[in-house]
Each structure stands twice: as structure tokens, then as C-alpha cells.
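First the structure, in the form of C-alpha cells, and then the observations on it.
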Amino acid sequence: MEKVRTIEIYDTSLRDGMQGMHINYSLENKLNIAKKLDEFKLDYIEGGFPFSNEKEKEFFEKVKKLNLTHAKIAAFGSTAKPGSKAHDDPHIQALLQADTEVVTIVAKSSVAHVHEVIRSSEEEYFECTFASIRALKERGCKVILDLEHFFDGIKLNPNFALQMLDIGTEAGVELLVLCDTNGGTLPHEVKNTMKLLKDKTLAPLGGHFHDDCGLAVANSLMCIDEGAVHIQGTVNGWGERSGNANLCTIIPNLIIKDARYTARCENTIQNLSLLSRFVAEQANIIPNPRDPYVGRASFSHKAGQHADVVHKNETLMEHIDPNTVGNERYILLSELAGKATILTFLNKYGTYEKNDPIVTHVTNVLKEKENDGFEYETATASFELIILRALNARTSLLQLKNYHIEQYKSFAHPSQTISRIFIQWKERELMGAAISNGPVEALDLSLRNALQHEFPEVKEIKITDYRVRVINPEQSTSAKVRVFITFSDTDNTWETIGVHQNILEASWDALIDGLEYYYYSILQHTQ
């Protein structure tokens with residue numbers, strides 16, 4: 001059997017990932033992510049481009065204070081400008097001032113870019129690249145050379161692209177990274193290109209792929225199969241245009257699926273889903289539920305037949321145990337659900353069989369609710385409350401006396417909403433109030449204000465997503481709406497639903513379900 005090969009994992013979420021649409025990180029976000037990437041035991045963290053702005057420069061100063069234990073921080077930049085002295089070039093100086101052990105510099109490997117973008121001769125560009133690498137090496141840096149547009153460049157002018165590999169090797173780089181910058185390369189082209197290089201004496205090879213053809217992960221794996229020892233990508237696959245190779249897919253494919261390879265994060269792979277969601281939270285982006293391995297839909301089962309198989313033997317419907325990557329199985333509720341789906345939820349509270357009356361009762365309730373516009377595929381917290389009610393294991397958490405919501409706006413002042421709420425909690429009557437920008441937030445805040453002393457844990461609950469769907473748009477402004485609310489605390493995430501013609505009523509039902517689920521299904525199980 002082929003000897004197990006350890007692949008280096010290089011994360012560029014904090015530089016290339018930030019070039020993706022809607023991806024923005026504060027300095028604090030970047031530092032938080034760097035710490036989490038180090039805990040996950042990735043080998044390299046590309047911190048950014050210190051020449052670009054003050055925030056990037058400050059990152060390299062502050063990241064040293066994190067005392068990372070595993071990952072090496074890499075500063076990223078370009079070669080010196082052709083015609084300038086590399087030692088004095090501001091790009092090189094900025095990289096040196098970042099004071100990182102590793103420096104990644106990008107150089108063109110397509111002659112078209114050298115002629116039309118850099119506007120330099122081939123010979124001058126060779127000299128400039130060599131001198132830039134040497135200037136960094138002489139100051140003690142380990143240098144990674146990213147060969148931009150390599151797969152396009154070798155098609156256009158293979159002699160130039162191959163000579164760039166030789167220049168990097170001769171100058172002493174630690175790694176030559178072949179970049180599919182435009183993301184247009186197919187896996188067989190990666191394979192053929194790598195075979196061309198096998199007989200050459202070169203520095204170790206790596207790969208960096210973009211996802212414009214949806215093939216960045218496949219190309220990364222092909223590159224490794226053909227000899228690469230290092231692969232670059234981003235958490236969640238974010239990046240320029242369609243994104244970069246998704247490390248959350250590459251890593252488990254290497255570690256779990258292919259016995260020929262391993263990575264130094266092998267012992268932390270159970271935290272992969274947590275890492276994916278943490279980075280999404282820092283970016284204020286809702287995670288893609290359909291992402292392989294880490295998405296909430298990755299191990300979800302909807303059709304009754306599928307759920308029945310999972311109930312009997314989950315390995316027959318899932319390619320790995322979801323716990324391996326820190327994910328979990330979801331049985332989705334819908335009109336397609338059979339009794340096996342209902343049993344999956346009921347068996348959390350006891351042992352039941354398909355012919356038990358409670359199973360029939362809950363199945364009928366589900367279908368009635370869906371006829372009224374409810375949809376429980378993801379709003380499983382609301383459905384579990386239906387089960388608790390059917391089992392007589394739940395009473396209402398509180399009773400609403402009334403709430404008053406007032407909207408105020410004048411010519412000179414922006415709109416503000418005032419909410420007052422009166423509720424009964426056990427034997428006590430409570431009152432809460434809040435001012436906010438909109439009625440739903442004001443209602444939520446006033447409810448929390450009323451509960452904060454009797455139910456202090458409510459302060460730990462965050463609303464992480466709020467969505468509204470119109471059920472019958474042909475009814476115009478009198479249409480029914482579905483409101484979905486996603487809640488989370490430190491360790492758990494749950495979703496609820498409310499349905500009504502009045503968006504506030506639908507929101508109220510979803511809010512109350514969220515608090516009741518936390519109280520009955522999370523809090524009471526942890527005390």
C-alpha cells in the first residue's frame with residue numbers, strides 16, 4: 001500500500017476569502033478567525049496584504065499577541081516592480097515589516113499578463129521575480145511562490161510558465177503553488193499539467209484553485225493525487241467571483257475518504273462544522289445549508305422511505321457518521337413524512353412503535369398544520385413542542401395579557417417603535433418595555449425585558465436569523481405569511497415558525513416557541 005502522505009493545509013480566508021461578495025471582516029473578526037484556525041490545527045494562515053491598508057498592517061502586529069501554537073502566519077504580497085531594486089521596493093518592504101516567518105508572494109506565470117498587465121519583458125520579469133525572492137530569503141523568510149494564472153499560462157506559452165518554476169526553485173522558495181486563478185481548468189487538465197512536471201527538479205508543489213466551473217475541490221484533490229504536498233483554500237469556499245476551493249470539503253475528503261493521505265488537523269476534524277459556522281458568524285453570513293459535510297442539509301432526510309431506512313440503519317443512507325465532522329442528522333418534517341419520521345422525534349421522550357395511537361395523532365396534527373400553511377422542515381423546535389403538548393409534557397411558558405406597539409416618525413426624526421407588554425409568569429404578572437427600530441425587534445426586546453429577572457437565561461438566547469415568506473401572494477396585503485426565527489445560545493441552534501395574516505402575530509408565535517423550546521428541551525435537560 002502507498003505510504004500515507006501528510007498534506008499541508010493553507011488557509012487564505014483572511015485574504016482571498018475577503019475578496020468574495022458580501023464578505024467583510026473587522027480587525028477583531030480577523031483575529032478571532034485566526035485563533036480558531038490555529039485551534040483547528042491548520043498549517044498556514046494567510047493574514048492579508050500588509051501593503052494595502054492600515055487594518056491589514058495592524059493585524060500582523062496584533063496576531064503575534066495571540067500566541068498561536070500550531071499555524072504559521074503568512075504575509076501576502078507581490079513581487080517588486082520590474083525595474084526597481086527589490087530590497088527598496090515598497091511591496092517587499094511591507095512584507096518584511098509584517099515580520100512573519102512565512103511570506104507568500106504572487107508572480108505571473110502567464111506571459112500575456114507580463115506583456116499586457118505588467119508591461120515588462122520576459123527577461124526583466126524573470127530577474128525581478130528572482131531578486132524579490134532573494135531579498136526575502138536573505139532576511140530569513142520562508143517563501144511560498146504563488147504562480148498566478150499557471151494553468152492558463154502553461155497552455156499559452158509553456159516555456160515561460162516552466163521557466164518561472166525554475167526561477168522559483170533556483171531562488172530557494174519552500175513551495176511552488178500552481179494557481180488556477182480564473183477557475184476555468186478541468187480535472188484532466190490538472191492531471192496532465194502535473195504529469196509534465198514529474199521529471200523536473202523543482203521545489204515542492206502546491207495547488208490553489210478557484211471554483212468558477214464548480215471544480216475547485218475536484219481540482220485540488222487531483223493536484224494532490226499527482227504529487228502536490230500543499231493545498232490552499234478558504235473556509236466555506238468563499239472568495240473572488242464563485243469562490244475558492246472549500247477547505248471544509250477538501251479536508252474531510254482527504255482525512256476520512258482517502259487512506260493515502262492525512263493532514264495535521266486529523267485529530268480536530270470533529271470541530272469542522274463548528275469552524276465553518278464560526279467563520280460564517282464572524283462574517284455575518286448565513287451558512288449554506290447544502291454545503292457538503294458541514295451544512296445542515298448534509299445529513300437531512302425528508303422522504304418517509306428514507307427516514308424509515310435511517311430509523312433502521314443510518315449507515316445505509318449516509319456516507320459517513322455526521323458526528324465525525326461535528327454535524328448532526330436532521331429528519332425533515334413535511335407532507336412526505338411517514339411514521340418513521342415521527343418516531344424519530346417521539347423516541348427522544350420514550351419508546352414508541354408505529355402502531356401507537358400517539359404516532360397517529362402527531363402525524364395527523366402535522367398534516368393539519370401544514371394544510372394551514374405551517375412548514376416544519378427546518379422549524380423542528382416548533383414541531384417538538386407539538387410532541388410535548390401531545391405527551392402532556394408541556395404547559396404554556398407564559399400567558400399574554402396584552403401588548404401595545406406604537407410607531408413614531410416625524411419629518412425631522414427617523415422612525416422609532418415603542419413596545420409595552422404585560423404577561424403572567426406562573427403566579428406573577430410582569431411588565432416589559434423597549435424602544436427599537438421596528439415592531440418585531442421591539443416586541444422581542446420588551447418580552448425579554450419582562451422576563452429578565454424570572455427567567456435570566458433569556459439573556460443568553462440570540463436571534464441569528466429572521467425570515468418571512470408569503471404563502472398566498474395573490475391575496476396582496478392580506479396574504480398569510482410564514483415567519484421563521486433561528487435562535488442560538490453558546491452550544492445550540494434551533495428554529496421555530498409562526499403563520500398568520502398579521503406578521504406581528506406570526507412573529508409572536510415564533511418568538512414564544514423559541515423561548516419555550518429553550519426552556520423545556522434545552523434548559524431543563526442541562527440542569
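The table that follows gives values for the structure above.
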| quantity | calculated |
| --- | --- |
| Total residues in segment 364-381, condition buried (at least 18 other Cβ atoms within 10 Å of the Cβ) and outside any loop (DSSP other than H, G, I, E, B) | 4 |
| Which numbered condition L343 misses (of (1) assigned to a helix (DSSP H, G or I); (2) at pLDDT 80 or above; (3) surrounded by fewer than 15 Cβ atoms within 10 Å (Cβ to Cβ)) | (3) |
| Condition met for L66 (assigned by TED's automatic domain parsing to the domain that holds G168, closer than 15 Å to E138 by Cα and either of a type in the set (A, V, I, L, M, F, W, C) or free of Cβ contacts under 8 Å to residues at least 12 places away in the same chain (or both)) | no |
| Test for T12: is it in contact with an Asp or Glu (Cβ under 8 Å, 6 or more places away or on another chain), under 30 Å from A280 (Cβ atoms) and loosely packed, with under 15 Cβ neighbours inside 10 Å | no |
| Top-ranked residue in segment 382-420 [being aromatic (F, W, Y) and farther than 30 Å from A297 by Cβ; ranked as surrounded by the most Cβ atoms within 10 Å (Cβ to Cβ)] | Y403 |
| Strands (runs of 3 or more DSSP E) within segment 29-119 that include 2 or more residues among the aliphatic types (A, V, I, L, M) | 72-78, 102-108 |
| Meets criteria (under 27 Å from E148 (Cβ atoms) and not hydrophobic (A, V, I, L, M, F, W, C)) for R277 | no |
| Pick from segment 423-432, criterion at pLDDT 95 or above and either among the basic types (K, R) or closer than 20 Å to A510 by Cβ (or both), ranking: surrounded by the fewest Cβ atoms within 10 Å (Cβ to Cβ) | G432 |
| Where a residue in segment 170-188 is assigned to a loop (DSSP other than H, G, I, E, B) and its partner, wherever it lies, is buried (at least 16 other Cβ atoms within 10 Å of the Cβ) and among the β-branched types (V, I, T), with Cβ under 7 Å and at least six apart | G172/I133; V173/I133; V173/V143; V173/I144; E174/V143; E174/I144 |
| Residue match in segment 50-58 (condition: closer than 25 Å to E123 by Cβ and not aromatic (F, W, Y)) | no |
| Options T69, T6, T79: the member that is crowded, with 23+ Cβ neighbours inside 10 Å and among the polar types (S, T, N, Q) | T79 |
| Residue that is surrounded by the fewest Cβ atoms within 10 Å (Cβ to Cβ) [pool: residues in segment 151-192 that are under 25 Å from E127 (Cα atoms) and β-branched (V, I, T)] | T169 |
| D199, sole failed condition from (1) among the charged types (D, E, K, R); (2) at pLDDT below 95; (3) in a strand (DSSP E or B) | (3) |
| Filtered residue count, segment 349-363, keeping only those that are in contact with a Leu (Cβ under 8 Å, 6 or more places away or on another chain) and in a helix (DSSP H, G or I) | 3 |
| Strands (runs of 3 or more DSSP E) wholly inside segment 439-503 containing at least 1 residues that are in the same structural domain as S419 (by TED's automatic domain parsing) and over 32 Å from the mean Cα position of the chain (by Cα) | 493-500 |
| Any chance D199 is without any contact (Cβ under 8 Å) to a residue 24 or more places away in the chain and surrounded by fewer than 21 Cβ atoms within 10 Å (Cβ to Cβ) | yes |
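So that you can scan it fast, the table gives a plain yes or no per residue for (1) surrounded by fewer than 19 Cβ atoms within 10 Å (Cβ to Cβ); (2) of a type outside the set (F, W, Y); (3) in contact with a Ser or Thr (Cβ under 7 Å, 6 or more places away or on another chain):
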position: A434; (1), (2), (3): no, yes, yes
position: E441; (1), (2), (3): yes, yes, no
position: L445; (1), (2), (3): yes, yes, yes
position: A450; (1), (2), (3): no, yes, no
position: T464; (1), (2), (3): yes, yes, yes
position: R467; (1), (2), (3): yes, yes, no
position: I503; (1), (2), (3): yes, yes, no
position: A506; (1), (2), (3): no, yes, no
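Each row is one residue, and each column tells you yes or no for (1) modelled with pLDDT under 90; (2) of a type outside the set (A, V, I, L, M).
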position: Q305; (1), (2): yes, yes
position: V310; (1), (2): yes, no
position: M317; (1), (2): yes, no
position: N323; (1), (2): no, yes
position: Y330; (1), (2): yes, yes
position: P357; (1), (2): no, yes
position: T363; (1), (2): yes, yes
position: N371; (1), (2): yes, yes
position: S396; (1), (2): yes, yes
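The values are calculated or read from the model by the stated rules, or taken from the named source; none is laboratory data. Treat the numbers as computed from the prediction; the structure is a model and nothing was measured. Quick reminder, even Gly has a Cβ in these numbers, built from the backbone with ideal geometry, and neighbours come from all protein chains shown.
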